[in-house]
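Visitor: A single structure is presented below for examination.
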Amino acid sequence: YIMLRNYVTIAVRNMLKHRAFSFINIFGLAVGMAVCMAIMMLVADQMMNDRHNPERHRIYRVNSVPFFEGKREHRGNETATTTLPVRDELLNHYTGVAKAARLMRGFGNGWLELEPGYDINIPVSGFFADPEVLSMFHYDLQYGDARTALTEPYSVVLTRKAANKLFQMENPVGELLKIGDIGTYKVTGVIRETESKSHIETEAFASISTIPSLAAAGISAGKKKDLESWYNYTQGWVYILLEEGTEPEIIQAHLDNIHQDHFAELPTPESTGVTYTLQNLMDITPGPMINNPIGPFMPWVIIYFMSALALVVLITSCFNFTNLSIARSLSRAREIGVRKVTGALRMQIFNQFISESVVVALLALFVAMVMLVMLKPLIIDLPFARALRWDLSANIGVYAVFVVFALVVGFLAGLFPAGVLSGFQPVRVLKNLHQAKVMSRLGLRKGLLVLQFTFSMIFILTVIVVYNQLNLFLHSDFGFNPEQKILIQKGSGDMQTLKTELLKDAAITQVSAVSHIPSAGVVYGNGFKKSLSDKDWITLNYFSVDEDYLASMEIPLVAGEFFSSSAGEGNRNTIVINETAVREFHFDSPHDALGQTLVFVADSTEKKIIGVVRDYTHEMAASRLRPMALMYNPDEYRMLQISYTGSYSSAAEHVEKIWAGVYPGVRIDLKDFRKHMGELYEMLFGTLVTVLGFVTVLAIVISCLGLLGMATYTVESRKKEIALRKVLGSSNQSLVFALSKGYLSILVMAIIAAVPAAYFINQLWLENFAFHVSVDGWTVLLGTLIISFFALFTVGSQTLQAVLINPADNLKNE
């Protein structure tokens, strides 16, 4: 204990003696540790999901792997949703399942606001659910009876937060809640607010027994079909609780039997079947990339990517610590020599320096935690983090991991300097301090610096490329006009009335009803054939649009005509395709396609091709152009896109007034077309630019701190040489060049190594996009100028300071 106390006391004294050096060392380690700790907190936050559930190891989700045309798809096509009748099949005909519960789309909004159909006039996000959901996931009701709360049709259970939002009362049980056009629901329960987290993001559960009642009332008849259909696997999720002692392999065998019973032979070639897989509750988040997640989740691939970034920053921090520690070693050489002469063992010296390193790491831990507190609001406000409901929360266990992490980092960062410094020979350092050549070749330290600056250069080039790619997505030629357009949800009344009223305004030039907007990442898709005798279905993406769509979007018609208002419902039997679809169906030309028919897989109806439009970016700009179609189906219209003249604010004001007249008391969801179109790009690539930019700044700062250590060591060991050169007449400029040229070679080697590495790394993801930028000469030049500025500024500050010292001060002892 006494020895450890002495080690700590000496460590503190040395830090106070060299305050600037200590600050740089602590700050450098703190930066790397803060990034790593942020990743730890992010992962810990996700891993807290459902950990409160005592039955978590017996709860499984039934996932699906779809197949069609007899082709079994690989596991990469796995989806979290499944065919909903599988729940009753397991309960009624097989053993081993204690409980099973369905959750189904269609009640309220989804958890992601970018989802099509998100309606601000619907007050909650939620699901239709079986009563077993409350007990299986251990939702504790503050008010209401969990056994009966979801049994009756038109019942709803709210979270405490949703209840507070909707009702100005403590206990809203018995109150009524209107949900869009699917009826009014009675509140039968309120879920108690708790710190426990679930992977299911919701504000409300409505009784699934409501669905048959809705169908009987002539509302949402399709939902009842989805509930009973073995061939629709996208509308809901099924969870099962295994009986005590039942292995998942037994249930998997049951699911294989169910698959054989229902999908061994498909009723029609176009039918979609599924195979079933089980996923334990603890493997959902973090977990593999799976389609149709029920709520926000963190895929392992994101964890690996962010961990790699954090590891690079931490390694450069440790390199920096090593360089700075050895650079300052000469000032402690005599101390080490005296201690060895008076009987200190090498292991004791080694322990002394390791202790100092650990003390620095613990102080860095404190600084890192302060950084995290300051950065947390910025991190959780990133678009990607907001969309996925991430929160940097932690508990005692996480903080304990932080302490252990700091101790390990301190030990590893100090291991090499402690080994070098404890190996000083006392005779050499006491006889002549400047004969103690610490790492005289400096090969390893130069290698570390080259590696640090290589990382920094790769980060700089990658940030520039990602930023350029984002700009390309947002400002490329989409093949249509995205300017001066407003988007609004269609409303629950007659859309034609609203459209007519809007067109009366002089500032509004076009109004078109659509299912989606292009280039925003969401489309419909289904199979088409030239005739039923054809063997394979060809998948076409499609939008449902009205007769004013082409004029509104300014998309050229290559051949034929477009839907017309005079045709009315007859438009449903026609279709317009793009030039890529012409080639996909092997028509000789756009004119050859006119008059031909395509069979639509959804209802086997024939659609006559009346027109061909020029290819435009209907999917994300990242995707390659694929065959697509425009169809006339008012049942699928979700929004109106309004073209206007003048300013956005003036047009928006006009639209709001007209809306209020048609739908009094209903809020309008009004968005700028171009901005909404770019939301997904901003969420993905904007967040990436922010994160990579932040990491790049950290990598540059830490690399420059390492370079500072190297320059400090060089100046420290060459003070008398500098003084003699000045006495013999060398100019300040020549001395600065002589001291700096070694660092120029380090910088050149880093750039030479980084450019091909950055090109290769970025090509791996860029080549997946139809339109992409590259690591070109201007990108390399800009990156080189940035890294050179910081490196030369760092070295120059030290060398200039050295050559300006009076040579007499360095030679007075000779």
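Visitor: Using the Cα centre of the chain as origin and beta-carbon charges of +1 (Lys, Arg) and -1 (Asp, Glu), tell me which of Leu42, Ile752, Leu764 is placed farthest towards the positive end of the dipole.
Guide: Of Leu42, Ile752, Leu764, it is Ile752.
Visitor: Name the lysines eligible as straight-distance cross-link partners of Lys726: C-alpha to C-alpha under 17 Å, and not fewer than 8 places from it in the same chain.
Guide: Within the straight-line limit of under 17 Å, Lys726 reaches these lysines: Lys812.
Visitor: Something else now. Work out how much length Thr509 to Thr148 would gain on full extension: take 0.36 nm times their residue separation and subtract the Cα-Cα distance, in nm to one decimal.
Guide: 124.5 nm
Visitor: First check a/c for the stretch 133-193, with a ≥ b ≥ c the square roots of the eigenvalues of its C-alpha gyration tensor; if it is under 1.5, answer rounded, and if not, answer prolate when a/b is larger than b/c or oblate otherwise. Intermediate results must be reported in sequence, preceding the final value.
Guide: Values: a/c = 1.84, a/b = 1.18, b/c = 1.56.
Taking the square roots of the gyration eigenvalues as a ≥ b ≥ c, the stretch 133-193 is oblate.
Visitor: Next up: Please work out the FRET efficiency for the pair Glu195 and Arg386, using the Cβ-Cβ distance as r and a Förster radius of 22 Å; give the result to the nearest 0.05. Before the final figure, lay out each step's value.
Guide: Working: r = 21 Å, r/R0 = 0.94.
So, using R0 = 22 Å, E works out to roughly 0.60.
Visitor: If you take the charge dipole of the chain about its Cα centre, with +1 on Lys and Arg Cβ and -1 on Asp and Glu Cβ, which of Tyr616, His199, Leu449 is farthest toward its positive end?
Guide: Result: Leu449.
Visitor: I've got another one for you. For the stretch 201-283, which chymotrypsin sites (Phe, Trp or Tyr not before Pro) are in a loop by DSSP, counting at most 14 other Cβ atoms within 10 Å? Display every interim value, and only then the final one.
Guide: Working: sites: Phe205, Trp230, Tyr231, Tyr233, Trp237, Tyr239, Phe263, Tyr276; in loops: Trp230, Tyr231, Tyr233.
Here no loop site has a sparse enough neighbourhood.
Visitor: Here's a follow-up. Suppose R0 equals 22 Å. What FRET efficiency, 1/(1 + (r/R0)^6) with r the Cβ-Cβ distance, do Ile219 and Asn573 give to the nearest 0.05?
Guide: 0.25
Visitor: Same structure, new question: Would you calculate the separation in nanometres between label points at Ser734 and Phe305, each defined as 7 Å from the Cα along the Cα-to-beta-carbon direction?
Guide: Distance between label points: 5.4 nm.
Visitor: If you don't mind, another one. Given a Förster radius of 51 Å and the C-beta distance between Ser650 and Asp283 as r, what FRET efficiency does 1/(1 + (r/R0)^6) yield to the nearest 0.05?
Guide: It comes to 0.45.
Visitor: Counting only other residues whose beta carbon sits under 12 Å from that of Phe543, what net charge do I get with K and R as +1, D and E as -1?
Guide: Here the charged neighbours net out to -2.
Visitor: Sticking with this structure for a sec: So for the pair Arg13, Trp537, with labels modelled 7 Å out along Cα→Cβ, what separation do we get in nm?
Guide: Each label point is offset 7 Å from its Cα along the Cβ direction, giving 8.2 nm.
Visitor: Rounded to the nearest 5, what % of the DSSP beta bridges within the chain are antiparallel ones?
Guide: 75 percent
Visitor: Which whole-number percentage describes the relative contact order of the chain, with Cα contacts under 8 Å and a sequence gap of 6 or more?
Guide: It comes to 15 percent, rounded to a whole number.
Visitor: Where nothing but the Cβ of Lys and Arg (+1) and of Asp and Glu (-1) is charged, how large is the charge dipole of the stretch 232-292 around its Cα centre, in debye to the nearest 20?
Guide: In debye, rounded to 20, the stretch 232-292 gives about 260.
Visitor: Another one. Could the peptides 664-671, 512-519 be put in order, highest first, of the mean number of other beta-carbon atoms found within 10 Å of their residues?
Guide: 512-519, 664-671
Visitor: Now a separate question. Which value, in Å², gives the accessible area per residue of the stretch 91-219 when a 1.4 Å probe is used on the protein heavy atoms?
Guide: The answer is 44 Å² per residue.
Visitor: Name the residue from Gly560, Ala651, Trp300 whose Cα lies farthest towards the positive end of the charge dipole of the chain, charges +1 on Cβ of Lys and Arg and -1 on Cβ of Asp and Glu.
Guide: Selected residue: Trp300.
Visitor: Over 17 Å apart: what share of the alpha carbon pairs of the stretch 97-180 falls there, rounded to a whole percent?
Guide: In whole percent, the share of Cα-Cα pairs in the stretch 97-180 beyond 17 Å is 52.
Visitor: Additional query: Can you give the accessible area per residue of the stretch 576-705, in Å², using a 1.4 Å probe?
Guide: Working: 5460 Å² over 130 residues.
With all protein chains present, the stretch 576-705 gives 42 Å² per residue.
Visitor: To continue, here is another question. Taking the Cα centre of the chain as origin and charging only Cβ (+1 Lys, Arg; -1 Asp, Glu), how large is the dipole, in debye to the nearest 20?
Guide: On the way: 68 positive and 73 negative charges, 1211 e Å.
It works out to roughly 5820 debye.
Visitor: Which of the trypsin sites (Lys or Arg not before Pro) across the stretch 93-186 are loop residues per DSSP, with 13 or fewer other Cβ within 10 Å?
Guide: When the trypsin sites (Lys or Arg not before Pro) of the stretch 93-186 are filtered for loop state and at most 13 Cβ neighbours within 10 Å, Arg147 remain.
Visitor: If you don't mind, another one. Given a cut-off of 28 Å, name the pairs among Lys504/Lys607; Lys178/Lys490; Lys165/Lys485; Lys225/Lys607 whose C-alpha atoms lie farther apart than that in the structure shown.
Guide: Those over the limit are Lys504/Lys607; Lys165/Lys485.
Visitor: What are the semi-axes of the equivalent ellipsoid for the stretch 611-677, taken as the square roots of 5 times the Cα gyration tensor eigenvalues, largest first, in whole Å?
Guide: 29, 16, 11
Visitor: With the full set of protein chains in place, find how many percent of the accessible area of the chain is carbon and sulfur; take the probe as 1.4 Å.
Guide: 59 percent
Visitor: Once you have all Cα-Cα distances for the chain, histogram them in 20 Å bins from zero and send the whole-percent values.
Guide: 13, 35, 31, 16, 5, 0
Visitor: If you don't mind, another one. Can you tell me the dipole magnitude for the stretch 486-609 around its Cα centre, using point charges on the Cβ only (Lys, Arg +1; Asp, Glu -1), in Debye to the nearest 20?
Guide: About 240 debye.
The values are calculated or read from the model by the stated rules, or taken from the named source; none is laboratory data. On a predicted model such as this, the values are computed, not experimentally measured, just so you know. We place every Cβ from the backbone using ideal geometry, glycine too, and count neighbours over all the protein chains shown. The accessibility values were calculated without ligands, DNA or RNA, using every heavy atom of the protein model including side chains. Shrake-Rupley method; radii C 1.70, N 1.55, O 1.52, S 1.80 Å.
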